[in-house]
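Data first, discussion second: the structure below is written as C-alpha coordinates.
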Amino acid sequence: MPYYLNNEGFKLYYEEFNPQSTNYTIILIHGFASSVSFFKEQIKVLKDNYRVICFDALGHGKSDHPVDLNLKENIRHEIIKDLEDLLKFLNISGPIGIIGHSLVGGMIAQLICKNHPEDIKFLVLLNSGYINTDNVIRNIFYNLLPYMVRMNFLDAVVNSVDRILDKTIPFIVQALTNNLYKIKMTKEELYMNIEDQIFNMINEIKEYNPSFVKCPTLIIGGRLDNYAPIQMSEELHNKIPNSILEVIDMAGHFGPTQRKELYNKIICNFIKNLK
(Lines give C-alpha, C1' and ligand atoms only; values in the text may rest on other atoms or scores of the structure.)
Protein backbone atom coordinates (compact mmCIF):
# COMPACT_ATOMS: atom_id res chain seq x y z
CA MET A 1 0.00 0.00 0.00
CA PRO A 2 1.35 3.48 -0.86
CA TYR A 3 2.43 5.69 2.02
CA TYR A 4 4.46 8.87 2.43
CA LEU A 5 5.97 10.49 5.51
CA ASN A 6 4.83 13.88 6.75
CA ASN A 7 7.16 16.37 8.46
CA GLU A 8 6.57 14.74 11.85
CA GLY A 9 7.53 11.30 10.57
CA PHE A 10 4.02 9.80 10.54
CA LYS A 11 3.05 7.45 7.72
CA LEU A 12 0.08 8.72 5.70
CA TYR A 13 -1.84 6.51 3.31
CA TYR A 14 -2.74 7.80 -0.15
CA GLU A 15 -4.25 6.52 -3.38
CA GLU A 16 -3.50 7.71 -6.91
CA PHE A 17 -5.33 6.91 -10.14
CA ASN A 18 -4.50 7.63 -13.79
CA PRO A 19 -1.20 9.48 -13.14
CA GLN A 20 -0.54 9.75 -16.90
CA SER A 21 -3.56 11.97 -17.49
CA THR A 22 -2.84 15.38 -19.02
CA ASN A 23 -6.23 16.65 -17.83
CA TYR A 24 -7.01 18.11 -14.40
CA THR A 25 -5.52 16.60 -11.28
CA ILE A 26 -8.38 16.19 -8.82
CA ILE A 27 -7.74 16.05 -5.06
CA LEU A 28 -10.43 14.48 -2.85
CA ILE A 29 -10.51 15.58 0.81
CA HIS A 30 -12.59 13.58 3.28
CA GLY A 31 -14.27 14.89 6.42
CA PHE A 32 -13.73 14.34 10.14
CA ALA A 33 -13.67 10.66 11.19
CA SER A 34 -13.84 9.52 7.55
CA SER A 35 -11.30 8.18 5.02
CA VAL A 36 -10.54 7.86 1.31
CA SER A 37 -12.98 4.96 1.07
CA PHE A 38 -15.84 7.46 1.38
CA PHE A 39 -15.11 8.63 -2.18
CA LYS A 40 -15.03 5.22 -3.87
CA GLU A 41 -18.11 6.01 -6.00
CA GLN A 42 -16.69 9.35 -7.13
CA ILE A 43 -13.31 7.79 -7.92
CA LYS A 44 -15.01 5.28 -10.24
CA VAL A 45 -16.36 8.01 -12.52
CA LEU A 46 -13.43 10.44 -12.33
CA LYS A 47 -10.39 8.20 -12.72
CA ASP A 48 -10.87 7.47 -16.44
CA ASN A 49 -10.56 11.12 -17.47
CA TYR A 50 -8.54 12.74 -14.70
CA ARG A 51 -5.63 12.11 -12.41
CA VAL A 52 -7.25 11.47 -9.02
CA ILE A 53 -5.48 11.65 -5.66
CA CYS A 54 -6.85 11.18 -2.16
CA PHE A 55 -5.30 10.50 1.24
CA ASP A 56 -6.23 9.53 4.77
CA ALA A 57 -5.57 12.40 7.15
CA LEU A 58 -3.46 11.67 10.21
CA GLY A 59 -5.50 9.64 12.69
CA HIS A 60 -7.91 8.50 9.99
CA GLY A 61 -8.28 5.35 7.92
CA LYS A 62 -5.03 3.56 7.11
CA SER A 63 -2.77 6.45 8.13
CA ASP A 64 -0.88 6.44 11.43
CA HIS A 65 -2.98 7.12 14.52
CA PRO A 66 -1.14 9.18 17.17
CA VAL A 67 -1.41 7.72 20.66
CA ASP A 68 -1.65 11.04 22.49
CA LEU A 69 -4.77 13.18 22.37
CA ASN A 70 -4.07 16.91 22.15
CA LEU A 71 -7.20 18.74 23.33
CA LYS A 72 -5.96 22.04 21.92
CA GLU A 73 -5.07 20.74 18.48
CA ASN A 74 -7.05 21.89 15.47
CA ILE A 75 -6.35 19.52 12.62
CA ARG A 76 -7.14 21.63 9.56
CA HIS A 77 -3.72 23.35 9.37
CA GLU A 78 -1.95 20.02 9.86
CA ILE A 79 -4.02 18.40 7.11
CA ILE A 80 -3.25 21.30 4.77
CA LYS A 81 0.49 20.89 5.43
CA ASP A 82 0.21 17.14 4.94
CA LEU A 83 -1.63 17.62 1.64
CA GLU A 84 0.99 20.09 0.44
CA ASP A 85 3.68 17.55 1.37
CA LEU A 86 1.85 14.91 -0.68
CA LEU A 87 1.68 17.21 -3.71
CA LYS A 88 5.43 17.79 -3.45
CA PHE A 89 6.04 14.06 -2.97
CA LEU A 90 4.11 13.30 -6.18
CA ASN A 91 5.53 16.37 -7.98
CA ILE A 92 2.08 17.82 -8.70
CA SER A 93 1.30 21.38 -9.71
CA GLY A 94 -1.70 23.01 -11.40
CA PRO A 95 -4.21 22.81 -12.89
CA ILE A 96 -5.80 21.22 -9.84
CA GLY A 97 -9.42 20.69 -8.85
CA ILE A 98 -10.38 20.21 -5.20
CA ILE A 99 -13.37 18.24 -3.94
CA GLY A 100 -14.08 18.42 -0.20
CA HIS A 101 -16.78 16.70 1.82
CA SER A 102 -18.39 17.74 5.10
CA LEU A 103 -17.40 20.61 7.39
CA VAL A 104 -13.73 19.72 7.77
CA GLY A 105 -13.06 18.48 4.23
CA GLY A 106 -14.94 21.42 2.77
CA MET A 107 -13.19 23.96 4.98
CA ILE A 108 -9.76 22.56 4.09
CA ALA A 109 -10.70 22.64 0.41
CA GLN A 110 -11.63 26.32 0.73
CA LEU A 111 -8.40 27.19 2.54
CA ILE A 112 -6.31 25.37 -0.09
CA CYS A 113 -7.89 27.73 -2.64
CA LYS A 114 -6.75 30.63 -0.49
CA ASN A 115 -3.19 29.31 -0.20
CA HIS A 116 -2.79 28.34 -3.87
CA PRO A 117 -5.09 30.58 -5.96
CA GLU A 118 -3.04 30.18 -9.15
CA ASP A 119 -3.05 26.38 -9.10
CA ILE A 120 -6.65 25.66 -8.07
CA LYS A 121 -8.90 25.80 -11.12
CA PHE A 122 -12.15 24.64 -9.56
CA LEU A 123 -13.68 23.75 -6.20
CA VAL A 124 -16.47 21.31 -5.35
CA LEU A 125 -18.02 21.42 -1.86
CA LEU A 126 -20.15 18.44 -0.89
CA ASN A 127 -22.46 18.81 2.14
CA SER A 128 -20.13 21.44 3.52
CA GLY A 129 -20.32 24.69 5.46
CA TYR A 130 -18.36 27.35 7.30
CA ILE A 131 -17.90 25.78 10.74
CA ASN A 132 -14.59 24.26 11.90
CA THR A 133 -15.40 21.03 13.74
CA ASP A 134 -11.73 20.27 13.33
CA ASN A 135 -10.84 18.65 16.63
CA VAL A 136 -12.48 16.09 18.86
CA ILE A 137 -14.00 18.64 21.28
CA ARG A 138 -15.60 20.76 18.57
CA ASN A 139 -16.88 17.69 16.76
CA ILE A 140 -18.52 16.24 19.89
CA PHE A 141 -20.01 19.63 20.81
CA TYR A 142 -21.49 20.14 17.35
CA ASN A 143 -22.94 16.63 17.31
CA LEU A 144 -24.72 17.35 20.60
CA LEU A 145 -26.56 20.34 19.15
CA PRO A 146 -30.07 19.68 17.84
CA TYR A 147 -30.81 20.32 14.18
CA MET A 148 -32.73 23.55 14.78
CA VAL A 149 -29.71 25.03 16.58
CA ARG A 150 -27.38 24.07 13.74
CA MET A 151 -29.68 25.73 11.21
CA ASN A 152 -29.17 29.06 13.00
CA PHE A 153 -25.86 28.26 14.62
CA LEU A 154 -24.54 31.74 15.38
CA ASP A 155 -27.82 33.25 16.59
CA ALA A 156 -28.65 30.25 18.74
CA VAL A 157 -25.22 29.58 20.22
CA VAL A 158 -23.80 33.09 20.62
CA ASN A 159 -26.81 34.26 22.59
CA SER A 160 -26.89 31.26 24.91
CA VAL A 161 -23.44 29.67 24.75
CA ASP A 162 -22.94 29.57 28.52
CA ARG A 163 -26.22 27.74 29.06
CA ILE A 164 -25.51 25.34 26.18
CA LEU A 165 -21.99 24.64 27.48
CA ASP A 166 -23.29 23.90 30.98
CA LYS A 167 -25.50 21.19 29.50
CA THR A 168 -23.02 19.76 26.98
CA ILE A 169 -19.68 19.73 28.84
CA PRO A 170 -20.53 16.61 30.91
CA PHE A 171 -21.30 14.72 27.70
CA ILE A 172 -18.09 15.98 26.06
CA VAL A 173 -16.09 14.77 29.06
CA GLN A 174 -17.86 11.41 28.96
CA ALA A 175 -17.04 11.01 25.25
CA LEU A 176 -13.37 11.77 26.00
CA THR A 177 -13.13 9.39 28.95
CA ASN A 178 -10.94 6.78 27.25
CA ASN A 179 -8.28 9.38 26.53
CA LEU A 180 -8.45 11.61 29.58
CA TYR A 181 -6.67 9.22 31.93
CA LYS A 182 -3.40 10.06 30.14
CA ILE A 183 -3.88 13.82 30.35
CA LYS A 184 -2.56 15.51 33.47
CA MET A 185 -4.86 18.43 34.17
CA THR A 186 -7.36 19.41 36.80
CA LYS A 187 -11.10 19.39 36.21
CA GLU A 188 -11.02 23.19 36.02
CA GLU A 189 -8.25 23.13 33.41
CA LEU A 190 -10.11 20.54 31.35
CA TYR A 191 -13.32 22.58 31.41
CA MET A 192 -11.35 25.70 30.46
CA ASN A 193 -9.83 23.84 27.49
CA ILE A 194 -13.26 22.77 26.32
CA GLU A 195 -14.72 26.25 26.68
CA ASP A 196 -11.77 27.81 24.84
CA GLN A 197 -12.31 25.52 21.87
CA ILE A 198 -16.02 26.33 21.64
CA PHE A 199 -15.58 30.10 22.01
CA ASN A 200 -12.74 30.06 19.46
CA MET A 201 -14.97 28.18 17.03
CA ILE A 202 -17.72 30.77 17.43
CA ASN A 203 -15.29 33.66 16.92
CA GLU A 204 -13.86 32.01 13.81
CA ILE A 205 -17.35 31.67 12.32
CA LYS A 206 -18.09 35.35 12.98
CA GLU A 207 -14.94 36.38 11.13
CA TYR A 208 -15.03 33.82 8.33
CA ASN A 209 -15.73 35.04 4.80
CA PRO A 210 -15.02 32.65 1.91
CA SER A 211 -15.12 35.40 -0.74
CA PHE A 212 -11.39 34.73 -1.22
CA VAL A 213 -12.43 31.69 -3.31
CA LYS A 214 -12.22 33.04 -6.86
CA CYS A 215 -12.27 29.84 -8.93
CA PRO A 216 -15.48 28.30 -10.33
CA THR A 217 -17.18 26.54 -7.43
CA LEU A 218 -19.87 23.89 -7.28
CA ILE A 219 -21.76 23.54 -3.98
CA ILE A 220 -23.98 20.50 -3.46
CA GLY A 221 -26.18 20.31 -0.39
CA GLY A 222 -28.61 17.68 0.85
CA ARG A 223 -32.11 18.77 1.85
CA LEU A 224 -32.11 16.12 4.61
CA ASP A 225 -28.62 16.89 5.92
CA ASN A 226 -28.79 17.12 9.71
CA TYR A 227 -25.05 17.66 10.16
CA ALA A 228 -24.40 20.45 7.64
CA PRO A 229 -27.91 21.89 7.12
CA ILE A 230 -28.78 23.19 3.67
CA GLN A 231 -28.72 26.74 5.06
CA MET A 232 -24.92 26.42 5.26
CA SER A 233 -24.68 25.53 1.57
CA GLU A 234 -26.92 28.46 0.73
CA GLU A 235 -24.75 30.81 2.80
CA LEU A 236 -21.59 29.55 1.08
CA HIS A 237 -23.25 30.16 -2.28
CA ASN A 238 -24.10 33.73 -1.23
CA LYS A 239 -20.52 34.42 -0.13
CA ILE A 240 -18.46 32.67 -2.83
CA PRO A 241 -18.61 34.90 -5.93
CA ASN A 242 -18.32 32.39 -8.79
CA SER A 243 -20.43 29.57 -7.35
CA ILE A 244 -23.29 27.31 -8.39
CA LEU A 245 -25.63 25.72 -5.83
CA GLU A 246 -27.33 22.37 -6.36
CA VAL A 247 -29.75 21.10 -3.72
CA ILE A 248 -30.56 17.38 -3.66
CA ASP A 249 -33.99 16.79 -2.14
CA MET A 250 -33.66 13.18 -0.96
CA ALA A 251 -30.08 13.31 0.37
CA GLY A 252 -28.57 13.57 3.82
CA HIS A 253 -25.02 14.29 4.93
CA PHE A 254 -23.69 11.23 3.13
CA GLY A 255 -25.36 12.15 -0.14
CA PRO A 256 -22.27 11.31 -2.25
CA THR A 257 -22.81 7.66 -1.30
CA GLN A 258 -26.60 7.70 -0.81
CA ARG A 259 -27.36 9.43 -4.14
CA LYS A 260 -24.10 8.63 -5.92
CA GLU A 261 -25.52 8.62 -9.48
CA LEU A 262 -26.99 12.10 -9.14
CA TYR A 263 -24.01 13.58 -7.27
CA ASN A 264 -21.60 12.09 -9.81
CA LYS A 265 -23.62 13.38 -12.77
CA ILE A 266 -23.66 16.92 -11.36
CA ILE A 267 -19.93 16.84 -10.52
CA CYS A 268 -18.89 15.45 -13.92
CA ASN A 269 -21.07 17.92 -15.84
CA PHE A 270 -19.65 20.82 -13.82
CA ILE A 271 -16.04 19.83 -14.54
CA LYS A 272 -16.77 19.07 -18.20
CA ASN A 273 -18.32 22.50 -18.75
CA LEU A 274 -15.42 24.47 -17.26
CA LYS A 275 -13.79 26.85 -19.72
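The values are calculated or read from the model by the stated rules, or taken from the named source; none is laboratory data. What you are looking at is a predicted structure, and each value in this text was computed from that prediction instead of being measured. We place every Cβ from the backbone using ideal geometry, glycine too, and count neighbours over all the protein chains shown.
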From the options Glu41, Glu78, residue that is modelled with pLDDT of 95 or more and either charged (D, E, K, R) or in the same structural domain as Glu195 (by TED's automatic domain parsing) (or both): Glu41
Any pair with Cβ under 7 angstrom, 6 or more apart, that starts in segment 90-104 at a residue that is over 15 Å from Leu123 (Cβ atoms) and ends at one that is in a strand (DSSP E or B) and polar (S, T, N, Q): Ile92/Thr25
Per the list (1) crowded, with 19+ Cβ neighbours inside 10 Å; (2) touching a Ser or Thr at 6+ places or on another chain (Cβ under 7 Å); (3) of a type outside the set (Asp, Glu); (4) in contact (Cβ under 8 Å) with a residue 40 or more places away in the chain, residue check on Leu46 breaks on (2)
Just the residues that are surrounded by fewer than 24 Cβ atoms within 10 Å (Cβ to Cβ) and either under 10 Å from the mean Cα position of the chain (by Cα) or in a loop (DSSP other than H, G, I, E, B) (or both), please, taken from segment 88-107. Leu90, Asn91, Ile92, Ser93, Gly94, Pro95
Show me the strands (runs of 3 or more DSSP E) entirely contained within segment 1-87 in which 1 or more residues are more than 13 Å from the chain's Cα centre (by Cα) and either polar (S, T, N, Q) or over 25 Å from Ile267 (Cα atoms) (or both). 3-5, 11-17, 25-29
crowded, with 20+ Cβ neighbours inside 10 Å, more than 21 Å from Asn6 (Cβ to Cβ) and of a type in the set (S, T, N, Q): does that describe Ser63? no
Checked Ser160, Ser211, Ser128 against criteria (at pLDDT below 95 and either among the hydroxyl-bearing types (Ser, Thr, Tyr) or loosely packed, with under 12 Cβ neighbours inside 10 Å (or both)); the one match is Ser160
